[in-house]
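The values are calculated or read from the model by the stated rules, or taken from the named source; none is laboratory data. In this text, all values refer to a predicted model and were calculated from it rather than measured experimentally. Methodologically, a virtual Cβ is constructed for each residue, glycine included, from the backbone with ideal geometry; neighbour enumeration extends over all protein chains shown.
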Amino acid sequence: MVLITLPDGSTRQFDGPVSGADLAADIGPGLAKAALAIRINGEMVDLATVIEEDSNVSIVTVKDEDALELLRHDCAHVLAQAVQDLFPGTQVTIGPSIENGFYYDFAREKPFTPEDLPKIEARMAEIVDEDLPFKRSVMDRNDAITFFEGKGEAYKAELIQDLPEGEEISLYSQGDWIDLCRGPHLPSTGKLGKAFKLMSIAGAYWRGDSRNAMLQRIYGTCWPDPKKLKAYLHMLEEAEKRDHRRLGREMSLFHIQEEAAGSVFWHPKGWTLYRAVQDYMRKRLDDAGYVEVNTPQLVDRSLWEKSGHWEKFREHMFITEVEEKLLAIKPMNCPCHVQIFRQGIKSYRDLPIRMAEFGSCHRNEPSGALHGIMRVRAFTQDDAHIFCTEDQITSETKIFIDLLMSVYKDLGFDEVVVKFSDRPEVRAGEDATWDKAEIALTEATAAAGLETILNPGEGAFYGPKLEFVLRDAIGRDWQCGTLQVDFVLPERLDAAYIGEDGEKHRPVMLHRAILGSFERFLGILIENHAGRFPLWLAPVQAVVTAITNDHDEYAQKVYDTMKAAGLRCEIDLRNEKINYKVREHSHAKVPAILVVGGRESENNTVAMRRLGSQQQEVVALNEAVAKLRTEAAGPLG
C-alpha cells in the first residue's frame with residue numbers, strides 16, 4: 001500500500017507503487033492534462049517517476065513557479081536538437097535555464113549569424129509539434145563516455161570523465177536525439193508550447209575559462225504562454241528606449257571612458273540631478289534625527305583586519321603602499337563609523353545614535369561586470385549606522401522602514417518587495433550570535449507589519465539583513481535598500497556604552513541604506529522615468545524661447561524672472577524656427593517650455609507647453625512662475 005498526502009492535506013491510497021501521471025489521472029482528467037511534473041517530499045521529478053512509498057506529493061502545472069525553470073530547461077534541449085538537425089557536425093556542450101530564459105553553448109567551426117536564428121526557431125517549433133516524449137535512461141559512466149565519444153561529442157565525454165568512477169549517468173532522449181542531463185523534464189516536447197524566442201548570439205569560453213576553446217552561445221527566452229512572451233519582449237523594447245547610458249548621452253548627464261573605467265564623469269546637468277537627490281536625502285535624514293559625518297578614504301590594513309573585511313573582502317579592495325604600510329581605499333564606511341562612536345564615553349542615554357555619511361567608496365569590480373553607472377568601481381553610498389541597545393532594535397527598524405518607504409514613494413516607486421537574507425556560508429561570529437541577530441530582525445519585521453520573502457544564505461558576513469526590492473515603471477526589479485543587524489562588528493572593534501547599571505555594554509549596530517549607491521540609484525531613476533523627471537528633479541526645469549528675435553528682450557525678462565524665483569531655467573535665443581526649438585527641447589526632456597511672441601510681450605504672459613503634451617496654455621507670467629515654483633519645491637514643499 002502507498003499513501004499519498006496532497007498539499008491540501010487530503011490523502012489517496014494505492015494498492016502498490018504509482019506513477020505521477022497515474023496519480024494526476026486519479027485526481028481528475030483536467031489535472032492529468034495539465035500536469036508537467038511532480039514533487040515528492042519537496043523534490044521535483046519527472047511525471048513518469050514511480051512513487052514507491054508513503055510520500056507528500058504535489059502535481060506541478062504551468063501555474064507553479066517551478067514550472068518556468070522546467071520549461072526553459074526543456075527549451076534549451078529543443079534548441080540543441082534543432083541546431084544539430086540543421087547544422088550536422090555541431091557539438092553540444094552545456095545548456096541551462098537562466099533568469100528570463102535559457103542558453104546553449106555549441107562547438108562549431110563556422111560562426112552562427114543572426115540570420116540563422118529564425119531558421120533554428122522554426123525547427124524548434126516543428127520539434128514541439130512532433131510532441132516527442134522525453135524519456136530518461138541510465139548508463140554506466142565508462143559506457144556513457146564511449147557512447148558520446150562515438151557520437152563525436154567530445155565535450156559531453158569530458159563532462160562525464162570528471163564524474164567519479166562507478167557513477168550512474170542520467171540521459172534523456174526526445175525521439176532519436178539524446179543528451180546528458182540530470183532532469184527532470186516535461187512529459188514531451190508538445191508540453192513546451194511555442195512561447196519562446198531566440199534572442200542573440202555570443203561567444204563563451206568552455207567552462208568559463210579563457211584558456212579553453214571559444215564556443216558559440218545562443219540565448220533564448222521562454223514563457224508559459226504567448227501573452228507573457230509578448231509582455232516580456234515589449235518590456236525589452238521599453239528597456240532599450242530607457243537605457244540610462246543612451247539617455248545619459250542624449251541628455252548630456254554623464255559619460256564614462258576607458259581612462260577611468262568604473263568611474264563617472266558627471267556633466268553639469270547630471271550633477272544637478274545628483275545634487276537634487278542628495279539634497280532631498282540630506283533633508284530627510286536631518287528631519288529623521290541623523291547626524292552627518294565624513295570619514296577618510298585611505299585606511300590602514302590593521303583596521304580592516306580587526307573588522308574582518310581584510311579576510312572576507314580583500315579581493316575587492318584597492319590597495320596602496322605608503323612608507324611600508326598597506327592602506328586600502330575604503331570599500332565601505334562601517335569600521336570608520338565605529339571609530340567615531342568610540343571617541344569619548346557613550347551612555348545608554350545617548351542611544352540611539354543615527355550616524356549618516358554620503359560615503360565615497362571604491363570596490364575592485366571585474367571589468368566585465370561594469371555596466372554604465374549601474375555597476376561601477378567608484379560610488380557614493382547613502383550610508384548610515386544606527387548604534388542602539390538590543391531593546392531598541394524593533395523601534396529603530398520600524399522607524400527606518402517608514403522612512404525608506406516614504407522616500408521610495410517620493411522618488412516614484414510604489415511597489416516594494418522585502419527579502420529576509422539569513423546567514424551566509426562564509427561569515428564572522430558564532431552561531432549563537434547569529435541566532436540572536438536573526439531572531440531580533442525577525443521580531444522587528446513582524447512588529448513593523450512587514451511581509452518578507454526568505455532569501456537563504458544571502459546575509460552580510462557579519463549579520464542578517466533585509467533587502468528592499470523596487471519594481472520600476474516597466475516591471476523590472478531592483479534591489480536597493482538594506483537593513484542589517486550586526487552584533488559582530490561592535491565586538492571586534494571594541495565599541496561600548498555605559499548602561500543603566502553602570503557597566504560597559506556592546507551596542508547593536510544597524511547598517512542601513514535607502515538608495516544603496518547614488519550612481520546605481522540614479523541609473524535606475526533615469527530608466528524608471530525614461531529621462532522625463534518630475535519637475536523637482538529635472539536638471540533643467542524650464543526653457544524660455546522666443547518665436548522670433550524681435551521678442552528676445554521679453555524672453556530675457558521671463559528668463560530673469562524664472563531664475564530669480566529659484567527655478568533651473570535656460571534661455572534659447574537662437575535664430576531657428578520655433579517648431580525646431582520646441583522639438584529639440586522636448587527631445588532633451590525639459591518639463592516646461594515657455595514660448596513668447598508679440599501677444600505674450602504685450603500682455604505679460606507666456607505660452608507654456610508641458611513635456612508630452614501637444615497643447616499649450618497661455619498664462620500670466622507671475623502665474624506660470626508660481627505654478628512651476630510649487631512643483632519645483634518637490635515632496636518636501
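Observations on the model:
- When 203, 190 are screened for being in contact with a Lys or Arg (Cβ under 8 Å, 6 or more places away or on another chain) and under 24 Å from residue 123 (Cα atoms), only 203 passes.
For every residue, the table says whether it meets (1) of a type in the set (S, T, N, Q); (2) under 21 Å from the mean Cα position of the chain (by Cα); (3) assigned by TED's automatic domain parsing to the domain that holds residue 87.
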site: 206; (1), (2), (3): no, no, yes
site: 211; (1), (2), (3): no, no, yes
site: 227; (1), (2), (3): no, no, yes
site: 230; (1), (2), (3): no, no, yes
site: 268; (1), (2), (3): no, no, no
site: 283; (1), (2), (3): no, no, no
site: 287; (1), (2), (3): no, no, no
site: 302; (1), (2), (3): yes, no, no
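- Within segment 475-497, the set of residues being assigned to a loop (DSSP other than H, G, I, E, B), within 30 Å of residue 236 (Cβ to Cβ) and modelled with pLDDT of 90 or more comprises 476 only.
- One residue alone among 97, 55 is closer than 21 Å to residue 35 by Cβ, at pLDDT below 95, surrounded by fewer than 21 Cβ atoms within 10 Å (Cβ to Cβ) and in the same structural domain as residue 118 (by TED's automatic domain parsing), and that residue is 97.
- Residues of segment 581-634 that are touching a helix residue (DSSP H, G or I) at 6+ places or on another chain (Cβ under 9 Å), within 16 Å of residue 567 (Cβ to Cβ), surrounded by fewer than 20 Cβ atoms within 10 Å (Cβ to Cβ) and β-branched (Val, Ile, Thr): 619 alone.
- Criterion (small (Gly, Ala, Ser) and buried (at least 16 other Cβ atoms within 10 Å of the Cβ)) met by exactly one of 307, 302: 307
- Just one residue in the set 583, 629 is closer than 19 Å to residue 532 by Cβ and within 38 Å of the chain's Cα centre (by Cα); that residue is 583.
- Hey, residue 327 touching a Ser or Thr at 6+ places or on another chain (Cβ under 7 Å) and not assigned by TED's automatic domain parsing to the domain that holds residue 375 or not: yes
- Checklist (1) surrounded by 18 or more Cβ atoms within 10 Å (Cβ to Cβ); (2) in contact (Cβ under 8 Å) with a residue 40 or more places away in the chain applied to residue 426, failing item: (1)
- When restricted to residues that are surrounded by fewer than 17 Cβ atoms within 10 Å (Cβ to Cβ), among the aliphatic types (A, V, I, L, M) and modelled with pLDDT of 90 or more, segment 161-179 contains 0.
- Sole residue being more than 19 Å from the chain's Cα centre (by Cα) and under 20 Å from residue 507 (Cα atoms), chosen from 446, 437: 437
- Residue 619 meets the conditions (1) closer than 19 Å to residue 551 by Cα; (2) in contact with an Asp or Glu (Cβ under 9 Å, 6 or more places away or on another chain); (3) among the hydrophobic types (A, V, I, L, M, F, W, C) in every case but one. The failed one is (2).
- Boolean, residue 105 is within 36 Å of the chain's Cα centre (by Cα), under 13 Å from residue 219 (Cα atoms) and surrounded by 14 or more Cβ atoms within 10 Å (Cβ to Cβ): yes
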